[in-house]
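S.K.: One structure is given below, represented as structure tokens, and several questions about it will come after.
The values are calculated or read from the model by the stated rules, or taken from the named source; none is laboratory data. Note that the structure is a prediction, hence the values are computed from the model and not measured. Cβ coordinates were reconstructed from backbone atoms using ideal geometry, including for glycine residues, and neighbour counts include every protein chain displayed.
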Amino acid sequence: MTRLRKFLKLSTSDRRLLVETALFHGMVRFALLALPFRWIASILGKNTEETPGTVNRGHEEVAERVSWAVHVAGRLAPWKSTCLTETIAAKLALRRRGITSTLYLGAGRDENQKICYHAWLKSGDNIVAGGPLDKSYIVVAAFAEQEK
């Protein structure tokens, strides 16, 4: 089945979400290439803050759909999609829906003991993007919105 047929078989809300997250992917990719990270970090939320560990079931379901859409949009992007691109795109999609999340930046070591970096996004206890985590990372920064 072609990608277009698969896309057209999706529900209207899933098509909109997929297009939205693809646009966020593109904007984030451009921003990461063109702007200093400190400017991007300023829109991610307050550094060293974390959102609550639980969210209501309705928000969990929306976060699952955003997770799906960000993953699919990342796979189909004409550029290499990174964990950072996906997590920021997911954060923007969740924020647009009024759902709080925490974006984590971490550092760890790979099997050759080289330092590697990873980004992941959690809403409540669920990893929305950048997961599942296959090794333990030391959290270097966490960005979250303030509760309203």
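S.K.: Being surrounded by 19 or more Cβ atoms within 10 Å (Cβ to Cβ) and of a type in the set (Gly, Ala, Ser) is the filter; apply it to the range 77-106 and report the residue that is modelled with the lowest pLDDT.
M.R.: Ser81
S.K.: Would you say Ser67 is small (Gly, Ala, Ser), buried (at least 19 other Cβ atoms within 10 Å of the Cβ) and outside any helix (DSSP H, G or I)?
M.R.: no
S.K.: How many residues are surrounded by 18 or more Cβ atoms within 10 Å (Cβ to Cβ) and over 15 Å from Tyr104 (Cβ atoms) if we restrict to the range 38-61?
M.R.: So the count comes out to 2.
S.K.: Working only within the range 33-75, note down all residues that are within 14 Å of the chain's Cα centre (by Cα) and among the aromatic types (Phe, Trp, Tyr).
M.R.: The one that is within 14 Å of the chain's Cα centre (by Cα) and among the aromatic types (Phe, Trp, Tyr): Trp68.
S.K.: Restricting to the range 107-124, give me the number of residues that are touching a Ser or Thr at 6+ places or on another chain (Cβ under 7 Å), at pLDDT 85 or above and farther than 13 Å from Gly45 by Cβ.
M.R.: 3
S.K.: Across the range 76-95, which residue is farthest from Leu18 (Cα to Cα) among those that are more than 12 Å from the chain's Cα centre (by Cα) and touching a residue at least 40 places away in the same chain (Cβ under 8 Å)?
M.R.: Trp79
S.K.: Tell me which of these Gly106 doesn't satisfy, since it passes every other one: (1) part of a helix (DSSP H, G or I); (2) out of contact with any Lys or Arg (no Cβ under 8 Å at 6 or more places or on another chain); (3) under 20 Å from Glu145 (Cβ atoms); (4) not hydrophobic (A, V, I, L, M, F, W, C).
M.R.: With respect to (1) part of a helix (DSSP H, G or I); (2) out of contact with any Lys or Arg (no Cβ under 8 Å at 6 or more places or on another chain); (3) under 20 Å from Glu145 (Cβ atoms); (4) not hydrophobic (A, V, I, L, M, F, W, C), Gly106 is out only on (1).
S.K.: For the structure I just gave you, tell me whether Ser136 is out of contact with any Pro (no Cβ under 7 Å at 6 or more places or on another chain), within 30 Å of Lys6 (Cβ to Cβ) and either buried (at least 18 other Cβ atoms within 10 Å of the Cβ) or modelled with pLDDT under 90 (or both).
M.R.: no
For every residue, the table says whether it meets (1) of a type outside the set (Phe, Trp, Tyr); (2) touching a Lys or Arg at 6+ places or on another chain (Cβ under 6 Å); (3) closer than 20 Å to Leu33 by Cα.
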position: Ala69; (1), (2), (3): yes, no, no
position: Val72; (1), (2), (3): yes, no, no
position: Thr82; (1), (2), (3): yes, no, yes
position: Thr102; (1), (2), (3): yes, yes, no
position: Cys116; (1), (2), (3): yes, no, yes
position: Ala119; (1), (2), (3): yes, no, yes
position: Gly130; (1), (2), (3): yes, no, yes
position: Leu133; (1), (2), (3): yes, no, no
